[in-house]
1. Could you figure out which of (1) farther than 30 Å from residue 272 by Cα; (2) open to solvent by 40 Å² or more (accessible area, probe 1.4 Å) isn't true of residue 104?
2. Could you say which residue among 9, 62, 16, 43 is aliphatic (A, V, I, L, M) and open to solvent by less than 20 Å² (accessible area, probe 1.4 Å)?
3. Out of everything in segment 179-225 that is polar (S, T, N, Q) and within 24 Å of residue 32 (Cα to Cα), what residue ends up being most open to solvent (accessible area, probe 1.4 Å)?
4. Applying the selection to segment 88-97, what residues are within 18 Å of residue 35 (Cβ to Cβ) and open to solvent by 40 Å² or more (accessible area, probe 1.4 Å)?
5. With the structure loaded, tell me whether residue 30 is closer than 25 Å to residue 162 by Cβ, in contact with a Leu (Cβ under 8 Å, 6 or more places away or on another chain) and at pLDDT below 95 or whether it fails that test.
6. Going residue by residue through segment 250-264, is there one that turns out to be in contact with a helix residue (DSSP H, G or I) (Cβ under 6 Å, 6 or more places away or on another chain), over 29 Å from residue 75 (Cβ atoms), surrounded by fewer than 21 Cβ atoms within 10 Å (Cβ to Cβ) and of a type outside the set (Val, Ile, Thr)?
7. Looking at (1) closer than 17 Å to residue 16 by Cα; (2) open to solvent by less than 30 Å² (accessible area, probe 1.4 Å), can you tell me which one residue 75 breaks?
8. Go through (1) among the hydroxyl-bearing types (Ser, Thr, Tyr); (2) in a loop (DSSP other than H, G, I, E, B); (3) open to solvent by 40 Å² or more (accessible area, probe 1.4 Å) and name the single condition residue 29 misses.
Amino acid sequence: MVKVLKPGLYTSIQDLGRYGYQNYGVPYSGVMDVYSASMANVLLGNEVHAAVIEMTMTGATLEFNCDTSICISGADMAPKLNKTPIKLNKQTSIKKGDIISFGKLLYGFRAYLAVFGGFKNEKAMGSYSMYQGVTEQSVLFKNDDLLINASLKPLEKKHAAIKIRNTHFNTKKIEVFKGPEFHKLSKAQQSSLFSQDFTISKENSRMAYQLTGSLKNSLKPIITSPVLPGTVQLTPSGKLIILMRDCQTTGGYPRILQLKESAINILAQKFTGDMIRFSL
């Protein structure tokens with residue numbers, strides 16, 4: 001069992017998502033940054049789809065009530081074990097009564113804490129991912145008890161660590177494919193789309209990232225059609241919206257671009273004021 005002493009700003013349990021229910025309007029959900037979450041699980045020997053804690057901008061404070069092993073990846077929120085700093089992307093042994101806390105955000109936006117065997121709270125539609133309307137909770141609260149498999153023997157302590165790609169956090173290049181309505185853009189619009197920097201607006205969440213900066217738009221709305229995480233929609237005002245993991249399953253704005261999976265992961269580590277540039 002793991003007790004939440006402080007939940008942080010927006011902390012939830014996520015795995016790789018909920019598949020096979022989109023025809024009912026159920027979002028995929030899942031970790032925003034699959035690369036970082038998978039890194040934490042792999043370093044523990046977990047399956048990549050094991051449920052982890054996703055923390056946004058501000059870390060949680062957690063008390064462990066059994067011996068286990070953890071790994072933290074993604075954003076650097078200055079993690080500490082019993083007030084002693086610990087490293088990211090490295091297995092850390094935990095003893096009963098230990099407390100994990102976090103400090104100042106040093107880089108990135110979302111951090112992932114994996115535990116040996118994964119978290120085992122509410123499972124719905126084949127996934128542990130929290131989402132309002134599907135699971136009882138959409139975020140963690142103070143005094144929540146998180147289930148883990150306490151019967152698993154903690155991993156033998158290892159000192160190996162993995163060096164992550166710095167570009168995952170500091171690049172502004174967002175690689176994309178042409179979307180279904182891309183061909184409706186004029187040559188001038190297409191050129192403008194790839195020649196300017198866009199800025200992440202304050203309207204960013206697990207559902208979508210809105211961008212500041214605009215693209216002159218004369219396209220008509222489309223018949224409501226399927227959308228996916230990573231779909232870039234062009235609104236009538238010329239604003240761009242990038243759909244993220246908790247996005248709806250259909251939309252009526254032209255779908256002019258589609259992010260690569262790796263680009264969704266990169267975008268998930270950016271926040272208000274960060275700049276991006278699309279690369280076809």
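The values are calculated or read from the model by the stated rules, or taken from the named source; none is laboratory data. The structure presented is a predicted model; accordingly, all values stated were derived computationally and were not measured. Neighbour counts are summed over all protein chains in view; Cβ atoms, including those assigned to glycine, are modelled from backbone coordinates with ideal geometry. These accessible areas exclude ligands, DNA and RNA; they are computed on the full protein's heavy atoms, side chains included. Shrake-Rupley method; radii C 1.70, N 1.55, O 1.52, S 1.80 Å.
1. Failed condition: (1).
2. On the way: 9 fails: open to solvent by less than 20 Å² (accessible area, probe 1.4 Å); 16 fails: open to solvent by less than 20 Å² (accessible area, probe 1.4 Å); 43 fails: open to solvent by less than 20 Å² (accessible area, probe 1.4 Å).
None of the other options fit; the residue is 62.
3. Looking only at segment 179-225, we keep the residues that are polar (S, T, N, Q), and these are 186, 189-192, 195-196, 199, 201, 204-205, 210, 212, 214, 217-218, 224-225.
When the remaining residues are screened for being within 24 Å of residue 32 (Cα to Cα), the result is 199, 201, 204-205, 210, 212, 225.
Numbers: 199: 39, 201: 10, 204: 33, 205: 51, 210: 75, 212: 59, 225: 23 Å².
Applying the filter and picking the extreme gives 210.
4. Result: 90, single match.
5. Numbers: closer than 25 Å to residue 162 by Cβ: yes; in contact with a Leu (Cβ under 8 Å, 6 or more places away or on another chain): yes; at pLDDT below 95: no.
No: the conditions fail for residue 30.
6. no
7. (1)
8. So residue 29 meets the others, but not (3).
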